[in-house]
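The values are calculated or read from the model by the stated rules, or taken from the named source; none is laboratory data. Please read all numbers here as calculations on a predicted model, not as lab measurements. Neighbour counts are summed over all protein chains in view; Cβ atoms, including those assigned to glycine, are modelled from backbone coordinates with ideal geometry.
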Amino acid sequence: MNVLIAGATGYLGNELIKILVKHRKIKIKYLCGNNSVGKKITDFDKSIKSKLPKISRITKSKINECDIIFTALPNGEAQIISKKLNKHNVLIDLSGDFRLKNSNDYLKWYKRKHKAIHNIKNSIYLLPELSKLKLNKYQIISCPGCYPTSILLPLVPLIKNKLIKTNNVIIDSKSGYSGAGRGVHKKFKDKNLYESLSAYGISLHRHNSEILQELNAYTNRNIKFTFTPHLTPMFRGILSTIYIDLNKNINQNNVINSLRQFYKGKTFIKIANKDALLSTNDVLGTNKCIISVCKSKYKDKIILLSAIDNLIKGGSGQAIQNMNLRFGFNEREGIK
């Protein structure tokens, strides 16, 4: 199948290329960008060894030549591209453009009007380990954000199985600075990215809306949570620490067993041994999410740790996992 990657020179775009060149069902036909036209992808990442087309501008004719369009672009761009699709294209978007099902929520959290409201109904928010919907009727696949991926995977099974209280979930997440894209140094120019830890977006981070929407959708419960993201002096990886109150007569073993049963047979989810202390180093370069259940000093409380690589399981790897599911390929195809 022919693939076009829009936003090929960004961190997520680079990771898409590295995985797709190893995918036996895929041919990368076009690499597209706005500010890098005519350049080679090796100008941005010398580790990419395959012979690939030079960066060019995206056009409707190029879209028509391709089966799959990956968009790893700033918010708003995939909405414009979605209007140029023909009935045979599938758009797989790594931005926030189609994550929220209500255009008013998009305006509230992204501070801009949605430019393709009619296409929201043609899209599906796809966290692959949680969705059981038929995918072939959707033309647009919206890939989850990196923070929500690390948060929804440990929380959803426990809420669905009514093991935990849902009125005061506390989420503390720490991410490598690559999550802010190549413009991170300009965006956080007043921060010392390499030697400091910074909290940001308290109560205002746009992933709040995505986490709330999906927790409520998957569990049919009204969840109250506090989410605080942090920027850390490392390039990639996310570690989320989640503090939860247990329901009556529920203990640590119940939680571990529930997670293991829920994710049985799921290739990319690993439930660690009891009280395992996780590191982002455990998942770097992989499409895995590792979850650890740790005891608290209080019997009725538990601490969850969740580790992912934000550029792979929180980005490009999950996007390709979604593509594999959408087209009936082996879910692991191309992904180490």
Sole residue being of a type in the set (S, T, N, Q), modelled with pLDDT under 95 and closer than 21 Å to Leu304 by Cβ, chosen from Asn253, Asn222: Asn222
Exclusive hit being assigned to a loop (DSSP other than H, G, I, E, B), touching a helix residue (DSSP H, G or I) at 6+ places or on another chain (Cβ under 9 Å), farther than 26 Å from Val293 by Cβ and not polar (S, T, N, Q), set Lys84, Lys134, Lys108: Lys84
Cross-chain or 6+ apart pairs with Cβ under 8 Å, segment 200-226 first and more than 20 Å from Tyr177 (Cβ to Cβ), then surrounded by fewer than 17 Cβ atoms within 10 Å (Cβ to Cβ) and at pLDDT below 90: Leu215/Arg221; Asn216/Asn222; Thr226/Ser203
Odd one out for Arg260 among (1) touching a residue at least 12 places away in the same chain (Cβ under 8 Å); (2) part of a helix (DSSP H, G or I): (1)
Filtered residue count, segment 38-76, keeping only those that are in contact (Cβ under 8 Å) with a residue 40 or more places away in the chain, under 15 Å from Gly13 (Cα atoms) and of a type in the set (Val, Ile, Thr): 5
Members of segment 263-292 found to be buried (at least 18 other Cβ atoms within 10 Å of the Cβ) and assigned to a helix (DSSP H, G or I), listed by number: Thr280, Asp282
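Could you check segment 9-18 and list, in sequence order, the residues that are closer than 17 Å to Cys66 by Cβ and touching a helix residue (DSSP H, G or I) at 6+ places or on another chain (Cβ under 6 Å)? Break it down stepwise before answering.
Going residue by residue through segment 9-18, those that are closer than 17 Å to Cys66 by Cβ are 13, 16-17.
Scanning segment 9-18 gives a single hit, Leu16.
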Matching residues, segment 45-69, being hydroxyl-bearing (Ser, Thr, Tyr) and outside any loop (DSSP other than H, G, I, E, B): Ser56, Ser61
Close pairs (9 angstrom Cβ cut-off, 6 or more residues apart or separate chains): under 14 Å from Gln213 (Cβ atoms) and free of Cβ contacts under 8 Å to residues at least 60 places away in the same chain in segment 93-122, small (Gly, Ala, Ser) and assigned to a loop (DSSP other than H, G, I, E, B) anywhere: Phe98/Ala116; Tyr106/Gly96
Candidates Lys313, Lys297, Lys336 - the one that is among the charged types (D, E, K, R), in a loop (DSSP other than H, G, I, E, B), under 18 Å from Thr241 (Cβ atoms) and out of contact with any strand residue (DSSP E or B) (no Cβ under 9 Å at 6 or more places or on another chain): Lys297
Residue that is surrounded by the most Cβ atoms within 10 Å (Cβ to Cβ), among those in segment 137-176 that are of a type in the set (Val, Ile, Thr) and closer than 12 Å to Leu127 by Cβ: Ile151
Residue that is modelled with the highest pLDDT, among those in segment 163-219 that are basic (Lys, Arg) and within 20 Å of the chain's Cα centre (by Cα): Lys174
